[in-house]
């Protein structure tokens, strides 16, 4: 019989526990705690998804069944569901949020040189959100509809490693486009998003910050063509145009020219229209197909235009002008905060790189001048053998 350290304990050994204990001490997380320390609480929270536990009762039963191995897993005693529920309710969430910041920052450094399928030095982010339905009687604060509750979770995903760089949790009534107000734009980065984020005031703010965006145009876009570039129709590119907005308010919100590319998806036969502010791409970038993180959906949802973004970015490189740009930017210093609850609403703002650690430099990005505007459930049947492997039985 195997008598070594359980697999779960070996996994937990990779975590920076000294950092975790410093965070706990700073927030007083273990003050007057007798039965379940923050470290044990964290291990249980990590054990639950790894073994596909679905409820507190399920977690309690699983841990009780392996009580002889709990000590070797870093848990002193079996934990009742009431104790776990109290810990979930009363422990300071800042402890785990701050620890997550450090873990994500470390994880991003491991993927700085990962191949995206593109020779891009820019960071490529995908922005999308999902709505999580909740029971209204259990979560009355999560306002959504009169018959049910929900929370909305916008997420910004770094496609190198598919690591979240920004998470915001609010009630279900928050519109997707408001997530752009919460982002700190990163100069030289490319933000890929769907039509729900088309707001020209907010897109212009990304433009002024030196960031690039790729999105889909709405059917009622009011604009006129200024210039048409040559295209290769064998790639599905119907036209590549420089446009200016014509709407009375939209041309004030976004006074700069935009790039509009019409693309026919060879797989579905649908014609899609993309908008971007990326007119210049530095030389040496052979933009091939983006890999599965983008092809399968922007971030959290599968969209009909997802598989078309790779070809669109490839076309930007082929038709882009070559300029000698050698500006480098690190990630902006970031922070997280919790917005004050008002009228039963809540928001948890979770941004990584809170200490401003520069993970990757973005070369060849354009500095833009101008005035600044204000502005699961697919549950998998987890076999008993996986639990035994984690606990060492």
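The values are calculated or read from the model by the stated rules, or taken from the named source; none is laboratory data. No experiment lies behind these values; they were computed from the predicted model shown. Cβ atoms come from the backbone with ideal geometry, glycine included; neighbour counts cover every protein chain shown.
Some points to look at:
- Taken together, the residues in the stretch 197-256 that are in a loop (DSSP other than H, G, I, E, B) and either in contact with a strand residue (DSSP E or B) (Cβ under 8 Å, 6 or more places away or on another chain) or farther than 23 Å from residue 123 by Cα (or both) amount to 20.
- The stretch 153-177, subset more than 13 Å from the chain's Cα centre (by Cα) and not in a strand (DSSP E or B), residue surrounded by the most Cβ atoms within 10 Å (Cβ to Cβ): 174
- Residue that is surrounded by fewer than 18 Cβ atoms within 10 Å (Cβ to Cβ), in contact with a strand residue (DSSP E or B) (Cβ under 8 Å, 6 or more places away or on another chain) and at pLDDT below 50, where the choices are 262, 288, 317: 288
- Meets criteria (outside the structural domain of residue 160 (by TED's automatic domain parsing), under 30 Å from residue 194 (Cα atoms) and exposed (fewer than 14 other Cβ atoms within 10 Å of the Cβ)) for residue 103: no
- The criterion of at least 3 residues that are under 14 Å from residue 8 (Cα atoms) is met by the following helices (runs of 4 or more DSSP H) wholly inside the stretch 22-99: 38-50.
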